[in-house]
1. Tell me, please, whether a residue that is modelled with pLDDT under 95, polar (S, T, N, Q) and outside any strand (DSSP E or B) can be found in the range 33-43.
2. Within the range 81-129, track down each residue that is small (Gly, Ala, Ser) and within 24 Å of Leu65 (Cα to Cα).
3. Among the residues of the range 44-61, which ones are crowded, with 16+ Cβ neighbours inside 10 Å and either modelled with pLDDT under 95 or within 13 Å of the chain's Cα centre (by Cα) (or both)?
4. Asp116 is checked against (1) surrounded by 14 or more Cβ atoms within 10 Å (Cβ to Cβ); (2) closer than 25 Å to Ala38 by Cβ and fails just one. What number does that condition carry?
5. Out of the residues in the range 63-86 meeting the condition of being free of Cβ contacts under 8 Å to residues at least 40 places away in the same chain and surrounded by 18 or more Cβ atoms within 10 Å (Cβ to Cβ), tell me which one is nearest to Ile108 (Cα to Cα).
6. Within the range 87-106, take every residue that is exposed (fewer than 14 other Cβ atoms within 10 Å of the Cβ) and in contact (Cβ under 8 Å) with a residue 40 or more places away in the chain and give me the one that is nearest to Gly45 (Cα to Cα).
7. Looking only at the range 88-105, filter to residues that are aliphatic (A, V, I, L, M) and not in a strand (DSSP E or B); which one of those is nearest to Asn59 (Cα to Cα)?
8. Kindly indicate the residue of the range 107-120 that is in contact (Cβ under 8 Å) with a residue 60 or more places away in the chain and assigned to a loop (DSSP other than H, G, I, E, B) and also nearest to Gly55 (Cα to Cα) among those meeting that condition.
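The values are calculated or read from the model by the stated rules, or taken from the named source; none is laboratory data. Being a predicted model, the structure only gives us computed values, none of them experimental. Glycine gets a Cβ as well: all are built from the backbone with ideal geometry, and neighbour counts include every protein chain shown.
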Amino acid sequence: MKIFKLILLIFSIGFSNQALAQNGSQNSNIKEEKQKIAPEIYIEGQRDLVYGKPGIVVNGTTIGLEEGTTLIPYFKFPGLTQYSPGTARLQIDKKGEFSWKRRTPKKIYIYFATEDKKTISNRIIIKAK
């Protein structure tokens, strides 16, 4: 997940060099240009014990979202046609990361979104235990 975050950061920031001064001096300045970063959410999950019972743990990384931004988990089980919002409201930490747990032995489809649904994560599928 840290590699993904690093790659996004590298592609999100552009750099440009100013030309050398006309008098030929070695006065070259590097000017950092911060471009507007498109917010992104990336999640990955796995099976684990949650409070002593079979469940799932999902970890996420964000780029371009502020610390404290609220995220909502959306999930569905096989046979259902629509995703349901979870009751949890997760906050992004200082590192741009978050974590979510749920007890379930069933196959589950999950994604996360900001409250306004303008930024949506990738969808993951975690198989039944």
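1. Yes, some residue in the range 33-43 is modelled with pLDDT under 95, polar (S, T, N, Q) and outside any strand (DSSP E or B).
2. Taking the range 81-129 and keeping what is small (Gly, Ala, Ser), we get 84, 86, 88, 96, 99, 113, 121, 128.
Listed by number, the residues that qualify are Ser84, Gly86, Ala88, Gly96, Ser99, Ala113, Ser121.
3. Gly45, Val58, Gly60, Thr61
4. (1)
5. Phe75
6. Ser99
7. Ile92
8. Thr119
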